[in-house]
Amino acid sequence: MNRPLAIVALLYVSGILLGGVLSLYLPWLFAFSLGLAGASFIWSAARIYLLVLLAVLTGWTNLATRTAVISPCDLRTLVGTNLEFVTLRGTLCDTPSQRVYEHRDRGSWRTLARIHVAAMQRDTHWHPAFGRVAVATPGLLSENFFGGQTIEVTGVIRPPKGPAAEGLFDYRTYLRRQGIYYQLLVESTNDWRTVVTGDCPPRPPLADRFRHWSQKILAAGLPNEDESLHLLWAMALGWTTALTDEVSEPFMRTGTMHIFAISGLHIALIAGILVSLLRVLQMPRGLCGWLVIPVIWFYTAATGWQSSAIRSTIMMSVIIVGWAIKRPSDLLNSLAAAGFIILLWDPQQLFQASFQLSFFVVLSIALLLPPLEQLRQRLLQPEPLLPPELRPRWRRWLDGPIRFLTTSFATSLAAWLGSLPLIATYFHLFTPVSLAANLVIVPLSSLALMCNLGSLLCGGWCPWLSALFNHSGWFWMAAMVKCSDGFAALPGAYYYVTAPTPADSIAYYTLLFGITSGKLFAPRIRHWSAAAVSLLAAIGLFQWFNHRNDTRITVLPLSGGDSIFLDAPGRADDLLVDCGNESAAEFLVKPFLHGQGVNRLGHLLLTHGDLRHIGGANLVAMEFKVGQFLTSSVRFRSPVYRQITGDSDSPSKHLRPINRRDPFGAWTVLHPEAQDRFPDADDNAIVLRGEFNGVRVLLCSDLGRPGQRSLLDREQDLRASVVVAGIPANSEPLGDALLDAVQPRVIIVSASEVPSQERATKELRARLERRGVPVFYTSDDGALTITFRPKTWEVRTISGSDLSRPQSRGAGESRALLFHQ
């Protein structure tokens, strides 16, 4: 057995995956595990099979122990799904971190922290409590708060919110995979207090002290407020505050963001430099290993025990131990050993993006690089019958650089192929440019890291040499920023794509590793492989054929406005109706469209001159290169609306006026007329009717009562299966007369809690529910997606809550409300 740890790790991982899908009663899992362990000692004939089952069950049980409620003081028992104003007492898991969010060239700071809760105060009474909580606070917390300190903090505790729409970041799942089920929202930094528990005041942890000292050393001779310096801190010390969205975006789009994680690149570089120095001093392998391993573990501790650093250090320690004791190294076996150790400690890391990316990239390099290397050697092999001394000198000089470039390209290609599905799943990106970008930026980052290491080594005894290293590191970092910007600006450098399904990812990796390793072409299984590939291709073709004409309409919940996206077959007829204000467009609409694989937007329709509906139009136009702006001929007083529709230098130069009875795509404009001049802007809002696979949809925007009366007077046939409406400022949406004319089967109201005039009132809810049809409110249900197929159509909510009010739907039904033609 060449790789025994790989088999054990694979069995253990399969148990964790089973535990993630199926949850069993924890005492039963312990009983089964103990029973299998005992049986394996007694029943020698079946021992191998029992041990296989035991390895699977061990992973399952380990995951269950981290997720099950095993204490009556668990926060999941004490709080449930309620929102409560409480005071928590506990220990900071690590030093609070700061994030800056930039909007309109202004930065707003937010402090994030995690707390091990020990007690919770309700109504002046303290109760024992158990669990971890994520804390978010506006502003900057003082440096008096650090990891390991006992604190008290007051705020509103609640379960974290899920994604606002499909394709957006799922913060709830992200925290749950870290064992955090609640979030505490704190009003200000004044609600934090330290608790003194001993005679001696606590000291900041090693990571904090090392970071402060290192930042001071690395800044010697450089201006403190410098972007390249802050990025050096991020790369060398894991200081994530520097990685704002604006700074990170080019590195994300070029597939080089990994250089800012304390990962294998950092650990391997430090270990390689130290091993090389020690070997030059004629130290034996064993002594090198004993000296290098503590140093890389010190670096991991000093940079805050980041998960990526721990994974890399464990793997590097396994490799160094094998090298020190002169055992033949096997990258796959070392990778399996590192993964097994990490997942024994924390099985939930298996579901984290950073863990999956780290291990699949290394796995891909281990499996794909050997065949790529064989191909490279075959292509670059010199003439075998020509003696080396007869080859031209210039060719011999080029052998080294060509070997380095082609080996680096092969490594980059293997890593890129291994990360494709995961990058598409978590970041919705396909980055062809990363093949070239990594060839340039990774060597530059290695040079910058070497300079940082030299500066830290010289900072205590030779300040001028440290400053020289700092200037050199700054130069390499500035070059990396310029290169990432340049690569990201290349045509076709990146594309936003939809996330693949788990079945797609499994099929991709099976084919990738099977083809490159030659296993699929082995004589014994060649026919079975061909049959399996043909079956997969047939299933994929069948699914594509059945869904090629599907149309989806998504209603996005925005604060005080709404945005509706029509995803038609192809991209030419895609339509975005309104986009919210600048903040909503930046933080919700833009990432949502990226998650849907939208790179260019065919049409953007602005219903009326309400800043909460159209304030982010220019931002959307620049990001997605909008082909055509659609507006009515009605004039609005809104300065922003006039700027968008009247500035010849703005993206609105592709402006197309539309009015009543004008058709475009599958839509027809029902309101307003070009000469309409209602006093309220809401009554001048564009009303659309579309038909998709025989199902009519009516979009009413924020149409008020005067506009509704005008619509009823002009249109004889308003029937539609789905009606979507917002909340007008001075009246109620969807009057009874309009609903009688429409006769909808589903009503969707785009409402929000803030501002108060955009709320769905109790009177409105009662009136709509009396109609006996499903009613959805985006303030309650989040984003809603309506999917139209040739014979059926369905409504889905992102929240997973009931799809209609209790009067019109019983409990226990599915998340999707299905309708037949």
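The values are calculated or read from the model by the stated rules, or taken from the named source; none is laboratory data. Here the structure is a predicted model, which is why all the values come from computation and not from measurement. Cβ atoms come from the backbone with ideal geometry, glycine included; neighbour counts cover every protein chain shown. Heavy atoms of the whole protein, side chains included, go into the accessibility calculation; ligands, DNA and RNA do not. Shrake-Rupley method; radii C 1.70, N 1.55, O 1.52, S 1.80 Å.
Structure summary
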{"item": "The range 359-371, subset open to solvent by less than 30 Å² (accessible area, probe 1.4 Å) and over 30 Å from Tyr171 (Cβ atoms), residue modelled with the lowest pLDDT", "result": "Ala366"}
{"item": "Residue check for Leu141: of a type outside the set (D, E, K, R), under 16 Å from Ile798 (Cα atoms), in a loop (DSSP other than H, G, I, E, B) and modelled with pLDDT under 90", "result": "no"}
{"item": "Residues within the range 458-517 that are within 21 Å of Leu444 (Cβ to Cβ), touching a Ser or Thr at 6+ places or on another chain (Cβ under 8 Å) and among the hydroxyl-bearing types (Ser, Thr, Tyr), tallied", "result": "3"}
{"item": "Enumeration of residues in the range 269-294 that are open to solvent by 40 Å² or more (accessible area, probe 1.4 Å) and farther than 20 Å from Ala338 by Cβ", "result": "Ile273, Ser276, Leu277, Arg279, Val280, Leu281, Gln282, Met283, Pro284, Arg285, Leu287, Leu291"}
{"item": "All positions within the range 424-447 that are open to solvent by 40 Å² or more (accessible area, probe 1.4 Å), in contact (Cβ under 8 Å) with a residue 60 or more places away in the chain and in a helix (DSSP H, G or I)", "result": "Thr425, Tyr426, Phe427"}
{"item": "Residue match in the range 119-128 (condition: among the hydroxyl-bearing types (Ser, Thr, Tyr) and without any contact (Cβ under 8 Å) to a residue 40 or more places away in the chain)", "result": "yes"}
{"item": "Scan of the range 759-773 for residues that are among the hydrophobic types (A, V, I, L, M, F, W, C) and either in contact with a Pro (Cβ under 9 Å, 6 or more places away or on another chain) or surrounded by 13 or more Cβ atoms within 10 Å (Cβ to Cβ) (or both), ordered by number", "result": "Ala760, Leu764, Leu768, Val773"}
{"item": "From His266, His258, residue being within 30 Å of Pro491 (Cα to Cα) and crowded, with 19+ Cβ neighbours inside 10 Å", "result": "His258"}
{"item": "Members of the range 562-589 found to be open to solvent by 10 Å² or more (accessible area, probe 1.4 Å), closer than 21 Å to Arg689 by Cα and part of a loop (DSSP other than H, G, I, E, B), listed by number", "result": "Ala568, Pro569, Gly570, Arg571, Ala572, Asp573"}
{"item": "Pro201 open to solvent by 40 Å² or more (accessible area, probe 1.4 Å) and not in a helix (DSSP H, G or I)", "result": "yes"}
{"item": "Failed item in (1) under 30 Å from Leu611 (Cα atoms); (2) at pLDDT below 90; (3) of a type in the set (Asp, Glu), with Asp504 passing the rest", "result": "(1)"}
{"item": "Members of the range 204-238 found to be open to solvent by 80 Å² or more (accessible area, probe 1.4 Å) and either in contact with a strand residue (DSSP E or B) (Cβ under 6 Å, 6 or more places away or on another chain) or closer than 20 Å to Ile259 by Cα (or both), listed by number", "result": "Glu227"}
{"item": "Yes/no for Ala31 being of a type in the set (Gly, Ala, Ser) and open to solvent by 30 Å² or more (accessible area, probe 1.4 Å)", "result": "yes"}
{"item": "Selection from the range 111-130 of residues that are open to solvent by 20 Å² or more (accessible area, probe 1.4 Å), over 24 Å from Thr244 (Cα atoms) and in a strand (DSSP E or B)", "result": "His116, Ala118, Gln121, Arg122, His125, Trp126, His127, Pro128, Phe130"}
{"item": "Sole residue being surrounded by fewer than 18 Cβ atoms within 10 Å (Cβ to Cβ), within 18 Å of Thr95 (Cβ to Cβ) and modelled with pLDDT under 85, chosen from Thr189, Thr241, Thr194", "result": "Thr241"}
{"item": "Residue count for the range 212-237, restricted to those that are of a type in the set (Lys, Arg) and in contact with a Phe, Trp or Tyr (Cβ under 7 Å, 6 or more places away or on another chain)", "result": "0"}
{"item": "Candidates Gln381, Gln356, Gln374, Gln349, filtered to the one that is of a type in the set (S, T, N, Q) and buried (at least 19 other Cβ atoms within 10 Å of the Cβ)", "result": "Gln349"}
{"item": "Scan of the range 557-608 for residues that are hydroxyl-bearing (Ser, Thr, Tyr) and within 20 Å of Glu249 (Cα to Cα), ordered by number", "result": "Ser583"}
{"item": "Residues that are of a type outside the set (A, V, I, L, M, F, W, C), part of a helix (DSSP H, G or I) and over 22 Å from Ala337 (Cβ atoms), drawn from the range 13-32", "result": "Gly20, Pro27"}
{"item": "Enumeration of residues in the range 167-184 that are open to solvent by less than 60 Å² (accessible area, probe 1.4 Å), over 26 Å from Pro205 (Cβ atoms) and not in a helix (DSSP H, G or I)", "result": "Gly167, Leu168, Asp170"}
{"item": "Tabulated pairs, the range 571-587, first within 22 Å of Val669 (Cβ to Cβ) and in contact (Cβ under 8 Å) with a residue 60 or more places away in the chain, second among the acidic types (Asp, Glu) and open to solvent by less than 50 Å² (accessible area, probe 1.4 Å), C-beta under 7 angstrom, 6+ apart or interchain", "result": "Asp578/Asp562"}
{"item": "3 or more residues at negative phi, among the aliphatic types (A, V, I, L, M) and over 20 Å from the mean Cα position of the chain (by Cα): qualifying helices (runs of 4 or more DSSP H) within the range 232-309", "result": "264-280, 285-302"}
{"item": "Out of Gly90, Gly155, sole residue that is in contact with a helix residue (DSSP H, G or I) (Cβ under 7 Å, 6 or more places away or on another chain) and either under 29 Å from Ser799 (Cα atoms) or open to solvent by less than 40 Å² (accessible area, probe 1.4 Å) (or both)", "result": "Gly155"}
{"item": "Identity of the residue in the range 782-801, within 12 Å of Asn693 (Cα to Cα) and not basic (Lys, Arg), that ends up surrounded by the fewest Cβ atoms within 10 Å (Cβ to Cβ)", "result": "Pro790"}
{"item": "For Ile402: the one exception among (1) β-branched (Val, Ile, Thr); (2) open to solvent by 50 Å² or more (accessible area, probe 1.4 Å); (3) in contact with a strand residue (DSSP E or B) (Cβ under 7 Å, 6 or more places away or on another chain)", "result": "(3)"}
{"item": "Residue list for the range 540-557, filter: assigned to a helix (DSSP H, G or I), within 30 Å of Gly162 (Cβ to Cβ) and among the hydrophobic types (A, V, I, L, M, F, W, C)", "result": "Trp544"}
{"item": "Qualifying residue in the range 517-538 (condition: buried (at least 18 other Cβ atoms within 10 Å of the Cβ), within 28 Å of Phe430 (Cα to Cα) and not hydroxyl-bearing (Ser, Thr, Tyr))", "result": "yes"}
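A quick yes/no check of all residues on (1) among the hydrophobic types (A, V, I, L, M, F, W, C); (2) crowded, with 21+ Cβ neighbours inside 10 Å:
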site: Trp305; (1), (2): yes, no
site: Arg311; (1), (2): no, yes
site: Met316; (1), (2): yes, yes
site: Val321; (1), (2): yes, no
site: Leu331; (1), (2): yes, no
site: Ala338; (1), (2): yes, yes
site: Leu343; (1), (2): yes, yes
